[in-house]
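The values are calculated or read from the model by the stated rules, or taken from the named source; none is laboratory data. Not measured: the values here are computed from a predicted model. With ideal geometry, Cβ positions are generated from the backbone for all residues, glycine too; neighbour counts draw on all protein chains shown. With ligands, DNA and RNA removed, areas are computed over all heavy atoms of the protein, side chains included. Shrake-Rupley method; radii C 1.70, N 1.55, O 1.52, S 1.80 Å.
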Amino acid sequence: VTEYKRNYREHVVREFFRDGEGDSSPVENPSIHSHYTTLTITRERQSGHGVDHGAVGCANTSNGPATITAQTLFRPDEDGRTPRVVVLVGAPGMGKTTTVRKVMVEWGEGTLHEQFDCVFYIDCKGIALPKEASVADLVSQCYPHQLVPAGNILDDQKILFIFDGFEALGFSLVQPEAELSSDPREVKPLETTLMSLLKRSVLPEASLLITTRPTALQSLGRCLDGEYYAEILGFSAAMREEYFHRYFENASKADMAFRIARGNEVLYSLCVIPVMSWTVCTILERELCRKKNLLECSKSTTRMTMSYLSQLLKHRDRDNPQVLQRFLLQLCSLAADGIWKHKVLFEEKEIRDRGLDQPDLLPLFLNEKISKEGGDHGKVYGFSHLHLQEFFAAMFYILEDDEETVSDLGGHEKGVTKLLESYSESRKDLNVTVQFLFGLVSQKSIEYVDKTIGCRISPHAREELLKWLQGRHRGHPGQALKISELDTFHFLFEMNEKSFAQSALGHFSDLDLQDMKLTLYDQMALSFCIQRWAGLGCVTLRGCSFRRQDPGVELDLRQEELHCPVHLLCRALQHTGSALRVLRLQWCRLSESCCAELAVLLAEHPSLARLELDDGTLGDRGVSLLCQGLRRPGCCLRVLR
């Protein structure tokens, strides 16, 4: 037995040190140690009937149950009680599989979980489990070709069984007590053997760690006693940054990638989901290899979200795409209905009425939440993250329906124009949904959605969005048409299409933004649009600050692009064909280092005739740098204020 355990530990390290290809694992590095980042996990001891599992990313753990880590799952609680059964709950992509694989490696290496003589991992979703088996048979599958009979290992040993992806078994977990087994070598139907472990009629001293999506909680709660529930809430703000640094071994690349994500509020919020952080890092790394400059990489939140969904769906059976298409159409209808009504939780009847009660699809998108009242109140469902609901709501407006699909939006029109008008008039909470609209109608998104899920995006939506943008910034008669809303640039940057941006901006001649803190993401969006804005004659930025980094993020910046806060703006204004005549940077708190960039702009821009600066922060050195630009023969400036 001693030799078996030593060999088995070595086998565990070999098997789990390399991360698997599980559908929800965010780590794909040969070493699980290098990328694993601590997750926010809460633990509480109560019956499964009363567990209140909210939408992922929305939980506030400051006043809630105790926060723990994967290393402390089986440590005594504040009352000194040591958990024997822990149910680890989380939505798809939250890191359940990665967490238990880390537990296996740490036990195999002898660094943690030493209270257990043996730890056995049973993959409920990835292996072909037998119809009939004893506990000893399940153990044998964990270490094939072993010499010592598995039954011997079960005698007088402290054992931890890990069941990963329990919901995939689909068992009812209703077994008469008389049929349960007490002998670990007795062969029974698999469901009976598992129930015997859960009910502790066999190996009552063994510990259990069960990972599951929320859908299996109710049935699990009926057959467990004294269990602890641990819910993975995802990455905290600090852990998101740590994950980026673990993913990018190069510190400067990690800094830049994180700043790009941090500056985009929607993307950064979604990165609470570990597999979303992995998706963002993977895409940015791939683009960096091609373009050598992260500032030129695509940062479309829509594209990142579609890649995340593709990751969730990659192991699904593709033999019947019509089922997935119809499901998604109804899911989008539900999402849009909720967005209009400020609603994030949906009753079970709503799910059934739309035909969304499909066990292989529903848990990928919606989290089940047990009603606190219990009884006849039933279950309610919510999207894994509010921004995912907004993404599907946007899809509702631009997907083409087939003739059989009946969409009920509670009286709301399924028209892009209606949505845009509501946003313009009063519903500013629709901002993220509108941003996703622009991302979804890009040519790349249209092709991607058609290829991956077979759904068609209406070509008319692009025309409606263009018409709305062109008519949005109406000035008074005789005045220059100017854009004074920052979200216009976000929308165009999200779509990331040169020709569309040119058409949308061609009607306007002035840019006027006031009293805004421009993040790196804002500056990138502005830069993208200015370079495609042939008729831009006047840029006014009053009281706008150019933030080189986001608050609370201390970075060692070595990229040339970030030495000067106005670098992106000045570089964009120098694009070929620029008609800029007036540049106003008043009360922008520019430092003297910005003057070097402005001096180059003054010296080389063929039409810039007026520069207005109203600041006490330039300093003598800054003014001297400006004068160097004024002396250059290419300077066309006529007015300096």
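For a quick protection proxy, order the peptides 436-445, 582-591 by their average other-Cβ count within 10 Å, most packed first.
Working: 436-445: 23.3, 582-591: 18.6.
The packing order, highest mean first, is 436-445, 582-591.
Can you check what the net charge comes to around residue 460, using other residues whose Cβ is under 11 Å from the Cβ of residue 460 (Lys, Arg +1; Asp, Glu -1)?
Around residue 460, the surrounding residues sum to -1.
Can you return the lysines within cross-link range of residue 482? Criterion is Cα-Cα under 21 Å, with same-chain partners fewer than 8 residues away left out.
Counting by Cα, and skipping residues close in sequence, residue 482 has these lysines nearby: 428, 467, 498, 517.
Listed here are the pairs 314/451; 253/444; 414/451; 125/314; 96/451; which of them are more than 19 Å apart at the Cα?
Details: 314/451 13 Å; 253/444 26 Å; 414/451 24 Å; 125/314 14 Å; 96/451 29 Å.
Beyond 19 Å: 253/444; 414/451; 96/451.
Enumerate the whole-percent occupancy of each 10 Å bin, from 0 to the last occupied one, for all C-alpha pair distances of the stretch 237-298.
Values per bin, smallest distances first: 24, 62, 14.
Give me the net charge for the shell around residue 531: Cβ to Cβ below 10 angstrom, other residues only, Lys and Arg +1, Asp and Glu -1.
Here the count lands on +3.
Over the stretch 237-298, average the accessible area per residue using a 1.4 Å probe and give it in Å², no decimals.
35 Å²
Ordered by packing density, taken as the mean number of other Cβ atoms within 10 Å over each peptide's residues, highest first, how do 324-336, 164-176 rank?
In descending order of packing, they fall as 324-336, 164-176.
When the Cα centres of the stretch 220-267 and the stretch 461-521 are compared, how far apart do they sit, in Å?
Computed from Cα coordinates, the inter-centre distance equals 34 Å.
Scan around residue 234 for amide H atoms under 5 Å from its own, H built in the peptide plane at 1.01 Å from N, and keep only partners 5 or more places away or cross-chain.
40
Where a Cα-Cα gap under 20 Å defines reach, which lysines qualify for residue 158, not counting those fewer than 8 residues away within the same chain?
Within the straight-line limit of under 20 Å, residue 158 reaches these lysines: 5, 102, 199.
About the Cα centre of the stretch 177-242, what is the dipole size in debye to 20, counting +1 per Lys and Arg Cβ and -1 per Asp and Glu Cβ, all else neutral?
Working: 7 positive and 11 negative charges, 27 e Å.
In debye, rounded to 20, the stretch 177-242 gives about 140.
Highest mean first, what order results for 514-526, 338-350 on Cβ atoms within 10 Å?
Final packing ranking: 514-526, 338-350.
Considering the options 344, 309, 322, tell which one lies farthest towards the positive end of the dipole of the stretch 309-361, charges being +1 on Lys and Arg and -1 on Asp and Glu at the Cβ, about the Cα centre.
Positive-end residue among those listed: 309.
In the stretch 237-298, carbon and sulfur make up what percent of the accessible area (probe 1.4 Å)?
Summing carbon and sulfur atoms, their accessible area is 46 percent of the total for the stretch 237-298.
Enumerate the calculated ³J(HN,Hα) couplings along the stretch 350-355 in order (Karplus 6.51 cos²θ - 1.76 cosθ + 1.60, θ = phi - 60°), each rounded to whole Hz, writing x wherever the residue is Gly or Pro.
4, 5, 5, 4, 8, x
Which net charge results for the neighbourhood of residue 617, defined as the other residues with beta-carbon distances under 9 angstrom from its beta-carbon, given Lys and Arg at +1 and Asp and Glu at -1?
-1
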